[in-house]
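Written below as C-alpha cells is the structure these notes are about.
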Amino acid sequence: MTKTLLVTGAGGVGKTTFAAALAVKAARAGVRTLVVTVDPARRLASTLGVEDLGDEPQPHADEPDLWAAMLDSKASWRAVAMRHADPDVATRLADNEFFEAASEHFPASQSYAAADQAATFVQARAWDLVIVDTPPSGGGIDFFAAPAQMADLVGGRLLRWITGGPLPGRRFFYDRAARPVLRIAGSILGSDLLERVSEFLLDLRTTYDGVARRGREIEAVLKEAVILVITTADPAPVGEAVRFYRQLPELASTPAAVIFNRALPADWAGVAPDPDLSAELGRLVEQWSAETVRQADAREEFSARYGAVVAAVPWQSHPPTDLSGLAALIDDSTGIPWDSLLP
Amino acid sequence: MLDKRLVIVSGKGGVGKSAVSSALALLAQRNGLRVLAVEMEAGGLAAHFGTGPLAFEPREVRPGLHAMRIVRSDALLEYLSLQLRLPGMGRFGAVARAFDALATAAPAVREIVSIGKILWEVKEDRWDLVVADAPPTGQIASYLRAPASISELVATGRIRSQAGWMADTLRDPARTRLVLVTLPEELPTAETRESMDWVEKTGVVGPPLVITNRVLSEVTGTSTLEGVAGAMVRLHRSLWTEQQTWLDRLPPDLTLPYLFGLFTPGEVAAHISDELEALR
C-alpha cells in the first residue's frame with residue numbers, strides 16, 4: 001500500500017525544501033518515492049529535475065527511486081471541474097470569464113485541486129511513498145477542509161444565497177423583475193453582470209455529484225496520511241504551527257511531529273564571549289547565543305504544552321543545491337521520527 | 001511615509017509584513033499622528049499590538065492609535081448602506097448574502113468591498129494616517145486593481161460610480177504609498193521584483209517603497225577563531241554572503257536588521273519601530 005506523508009506549515013519556513021529532503025532520503029533507502037511540490041524555488045526545482053515539468057510525475061535522472069511532480073493549481077482546478085461536467089457545459093465553463101475569479105476567491109479551491117491531484121497519485125499505487133508539500137493558502141489548513149467545502153460551493157450554496165432559499169431553475173433569473181433581492185443586486189452590479197454570474201453558477205452546479213463523490217475519496221486518503229508540521233522558531237510561524245497542531249486531529253489526524261527548521265547547534269546556548277574578542281565579535285557571539293536560547297525555549301514550550309514530538313533541522317547558510325545536500329539536511333537533523341514515516 | 005494618508009503594506013508570507021505594519025503604525029503614533037491600523041487578514045496586527053482579536057469597530061490600542069480588522073460581512077453591509085446609499089441594509093440580510101454570493105464569482109467585487117472600506121476611512125478624514133496590513137504579494141494585485149477592474153467589467157450600476165475616486169486615491173503618490181516587505185532570500189526577492197514590475201506596468205499605485213527585513217551586519221576583520229565562537233562567525237559570514245546575492249537585486253530603499261533573541265511579536269514590533277525612528 002502507498003504511504004502518504006503530508007508536509008504542512010506556514011509559507012516561508014522551508015516546507016518545500018524539507019519535503020524534497022525527506023524524498024531524497026527515502027529514495028536512497030530504496031523506497032520508491034514521489035514528491036509533489038507547489039511553487040518550488042528555481043534552484044530546488046532544478047535540483048529535483050522538475051524545472052520544466054507540469055503535474056505529470058517524472059523520475060529523477062540520477063536517482064531511480066525518486067520521482068517528482070509540480071502542481072499547477074489553477075490548471076488542475078479547471079481540470080477537476082471539466083472532469084465532472086457534461087461536455088457542452090464543460091465548454092461553457094472553460095470559456096467563462098468568472099471561472100478564474102471564482103477559483104481565486106474561493107480560498108479552498110487551490111487546496112482542493114492540490115488534494116485531488118495528490119489523492120490521484122496515492123490511488124495510482126505506483127509509489128511506496130507519496131510526499132506532498134501542501135499549498136500555503138489559508139495557512140495550509142485549508143487543504144484538509146477543502147473537499148467538503150468544494151462540494152458545498154458547487155452544490156449551490158451561492159445559488160441558495162442569491163435566491164434566499166430553494167435552488168433556482170434557469171428561468172428564475174430571467175424572471176428577475178418579480179424578485180426584489182435580484183432587482184437591488186442588479187441595480188448595484190448592473191443587470192448584465194448579475195445574469196452572467198448566475199448562468200455560471202448554474203453550470204457549476206451540474207458538477208455537484210461528481211465533486212461530492214470525489215471529495216469523499218480525497219478525504220479518505222487524507223485521513224490515512226501521516227502529517228508533519230514544519231515551522232521556524234520565529235513567533236509568527238510558531239503561532240501558525242500551534243493552530244495546525246490543535247486543529248488537525250479533528251480534520252485528519254494528530255501530526256506525527258513538529259519540525260523546527262533553521263535550528264542552531266544546542267551547544268551555542270549560554271556561551272559567553274571570550275574577553276579577548278573584539279567588541280564586534282563579542283557582540284556577535286552574544287547575539288547568536290541569545291538566538292539559540294530563544295529557539296530551544298520555543299521547541300521546549302511546544303513539546304511541554306502540547307505533548308508534540310519535536311524535531312530540529314539545522315540552519316544551513318546556503319540552500320542545498322544537489323541531492324546529497326538535501327539528504328544531509330535530514331542526516332544532520334535531530335528528533336525526526338524516521339521509522340514512522342517510511343512504509 | 002508619515003506624510004501620506006494611506007500606507008499599504010504587503011510582502012510574501014513569512015517576511016514580517018505584519019510586524020512592519022504594526023511598527024509603522026506605532027512610529028506614526030509616537031510622532032503624534034492619529035492613526036488607524038487595519039488588519040485585512042485575521043491575527044497579524046492583534047498579535048503585534050498584544051491585544052485580543054480585533055473587530056470591525058476600531059478600538060484604541062495605544063493613545064491615538066486605533067486598530068480594526070476587515071470583517072467581510074460587516075464591510076459588505078457598510079459598503080451597501082454607506083457607499084451605495086442603500087439605507088437600512090442591516091435589515092436586508094438576504095440582499096447582503098445575495099451580493100456576497102455574486103461577489104464570490106464576479107472578479108473584483110469582493111476585493112472592492114475590502115479595499116473600499118480602507119479608502120473610505122481615508123476619504124472621511126478622521127485619521128492622519130491609515131496603515132493597512134494587506135494580503136500577501138500573491139493576492140495584492142487583485143485588490144489594487146479592483147477599482148479599475150470594476151470600471152471595465154461593470155457597464156452600469158452603482159458600484160461602478162464609486163470606483164473612480166477609489167482608483168484616484170490609490171494612484172495619487174501624494175496620498176498613497178505601497179510598501180513591499182521582503183527578505184534577502186530567493187523567493188521573497190523574486191516576488192518583490194515581480195510586484196515592482198507589475199506596479200510600474202499598471203500604474204494603479206505609485207512607486208513602492210521596498211523594506212528588506214532581517215538583514216545581517218557585515219563582520220569585518222580576519223578571524224581564525226576556533227570552537228563555538230568560530231562556528232558562529234563562520235555561519236554569520238556565509239549567511240551574510242548569501243544575503244548579498246539577493247540584496248544586489250533589491251532596491252536599496254530601506255533595510256531592517258536581523259533581530260536576535262526576541263520572544264514575542266510585541267517585542268519585535270517595538271524594536272522595528274525603534275529602528276524606523278532612528279532611520280528618520
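Values as computed for the structure displayed
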read-out	value
Exercise: per-residue mean of other protein chain Cβ atoms within 10 Å, A:274-287	4
Cα-only radius of gyration and Dmax that characterise the stretch A:299-343, units Å	12.9, 37
Peptide-level mean, for B:256-267, of C-beta atoms on other protein chains within 10 Å	4
Set of lysines with alpha-carbon distance to A:Lys15 below 26 Å, sequence-local pairs under 8 removed	A:Lys3, A:Lys25, A:Lys74, A:Lys223, B:Lys12, B:Lys17
Ellipsoid semi-axes in whole angstrom, largest first, where each is sqrt(5λ) of the Cα gyration tensor of the stretch B:127-180	22, 15, 9
Calculated from backbone phi, Karplus (6.51, -1.76, 1.60) coupling profile of the stretch A:129-135 in Hz, x at Gly/Pro	9, 10, 9, 10, 8, 6, x
Under 5 Å, built H, 5+ apart or other chain: amide partners of B:Leu183	B:Thr189, B:Asn213
Fraction in percent of alpha-carbon pairs per bin - 10 Å, the stretch A:264-315	25, 41, 23, 10, 1
For A:Arg262, A:Arg216, order by how many other beta-carbon atoms lie within 10 Å, fewest first	A:Arg216, A:Arg262
Rounded tilt (10° steps) of B:93-105 against the dominant C-alpha axis of chain B	50 degrees
For A:Ile227, distant residues with modelled amide H under 5 Å away	A:Leu6, A:Ala256
Stokes-Einstein D in µm²/s, Kirkwood radius over Cα pairs - the stretch B:124-252 at 20 °C with 1.002 mPa s viscosity	121 µm²/s
Two-site FRET efficiency, B:Asp253 against A:Glu195, from Cβ-Cβ distance with R₀ of 45 Å, rounded to 0.05	0.45
Sorted peptide list for A:297-310, A:192-205, criterion being average Cβ within 10 angstrom, highest first	A:192-205, A:297-310
Square roots of five times the Cα gyration tensor eigenvalues for the protein assembly as shown, Å	42, 33, 20
HN-Hα J in Hz across the stretch B:128-141 - Karplus 6.51, -1.76, 1.60, θ = phi - 60°, x for Gly and Pro	6, 8, 10, 10, 9, 7, 8, x, x, 3, x, 10, 5, 4
Stokes-Einstein D for the stretch B:12-57, Kirkwood Rh over Cα pairs, 25 °C, 0.890 mPa s (µm²/s)	219 µm²/s
17 Å tail of the calculated P(r), the stretch A:206-343, as % of Cα pairs	69 percent
Surface/4 estimate of mean projected area, convex hull on alpha-carbon atoms of the stretch B:142-218, nm²	6.3 nm²
Amide H within-cut-off set for A:Val310, under 5 Å, with H built and near neighbours excluded	A:Val258
Ranked A:Val89, B:Val154, criterion: other C-beta atoms within 10 Å, fewest first	A:Val89, B:Val154
Ranked list, fewest to most other Cβ atoms within 10 Å of each Cβ, for B:Leu65, B:Leu235	B:Leu235, B:Leu65
Chain B - Rg over Rh from alpha carbon coordinates, Kirkwood radius	1.03
37 °C / 0.692 mPa s Stokes-Einstein diffusion coefficient of the stretch B:192-280, Kirkwood radius on C-alpha pairs, µm²/s	209 µm²/s
Packing-based order for B:136-149, A:263-276, using average beta carbon neighbours within 10 Å, highest first	B:136-149, A:263-276
Tilt relative to chain B, helix B:17-30 - C-alpha long axis, 0 to 90 degrees, to 10	80 degrees
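Laboratory data are not the source of any read-out in this text; all were calculated from the coordinates shown. If you're wondering where the values come from, they're calculated on a predicted model, not measured in any experiment. Ideal geometry is used to build each Cβ from the backbone, glycine not excepted, and the neighbour counts take in all protein chains shown.
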